[in-house]
1. Give the peptides 64-73, 42-51 in descending order of average Cβ contacts within 10 Å, highest first.
2. With a 10 Å Cβ neighbour count serving as the proxy for reagent exposure, in which order, fewest first, do 176, 213 appear?
3. What order do you get for 119, 191, 171 when you list them from fewest to most C-beta neighbours inside 10 Å?
4. Regarding region 13-217, what whole-number volume in Å³ per residue does the convex hull of its Cα atoms give?
5. Which shape class, rounded, prolate or oblate, goes with region 159-213 when its Cα gyration tensor gives a ≥ b ≥ c as root eigenvalues, a/c under 1.5 marks rounded, and past that a/b bigger than b/c marks prolate?
6. Considering the alpha-carbon set of region 17-132 alone, what are its Rg and its Dmax in angstrom?
7. Alpha carbons only, please: Rg and Dmax for region 74-179, in angstrom.
8. Ranking 110, 175 by Cβ neighbours within 10 Å, fewest first, what do you get?
């Protein structure tokens, strides 16, 4: 592992590239592409990612300050409707960190200025999504109001290879990252092992790629991060499937219980339809009712 890249395996590849203090030029290139700016001094970037924020075993990806803007960047392989809530939490923690660092006196009457937050999530999942779309925190509010007092908007950018061509064309490292992820996905169809698919993608990277030397120098870490992200995606998919099965089972139990209560089915008939003994049926139903009462 090269010096200055003390990154844990639980980090994402996206953060390894664009949140790396040793390669802030790539972070700057990404910022310029998103905002249409042309900053050239990478030292203007102050990376302030909160390292101990963990969600699903993965850390907050990238946050940094430049031009009085607090940039919060995340990479996701699913259209997660809870991103605005996550960004609300992240931005609150970052604002608190900024207040402490700059020693802002919040009890004074004069207005204290803080950097403007910008929330961006880079999507590169398998589901076809628009090039750009926004998610809003207010969509999650139980009570809908015309002008909510608190709002967070997350700009979702589809960075799958071949999408958002203007954005990827403006940031060569992002285009190369997109190419690499796409190449790994394609290789999985031909390789029986994810590790081999990743190796093949690394070896096939064109010589003029800015990221090539960095990724090859850190091949072991890159492979581990890619495998970790793949495992996380598979785990989430499995949990969703299990959640559906549990929901169907609970719905069936409650429906059968109602039919028994209404005298349409006997307890024996209901238990048989649920492929259980009468004792198992009554025990599961009692457990389910207790769980629902405790919610």
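None of the figures in this text is laboratory data; all of them are computed from the coordinates on show. Nothing here was measured: the structure is a model prediction, and the numbers come from that model. For neighbour counting, all protein chains shown are included, and Cβ atoms are generated from backbone atoms with ideal geometry for every residue, glycine included.
1. Sorting 64-73, 42-51 by mean packing, highest first, produces 64-73, 42-51.
2. 213, 176
3. With the sparsest Cβ surroundings first, the list reads 191, 171, 119.
4. Normalising the Cα hull of region 13-217 by residue number yields 161 Å³.
5. Oblate shape, in that a/c is at least 1.5 and b/c is the bigger or equal ratio.
6. According to the Cα coordinates of region 17-132, Rg and Dmax are 15.3, 51 Å.
7. According to the Cα coordinates of region 74-179, Rg and Dmax are 17.1, 52 Å.
8. 110, 175
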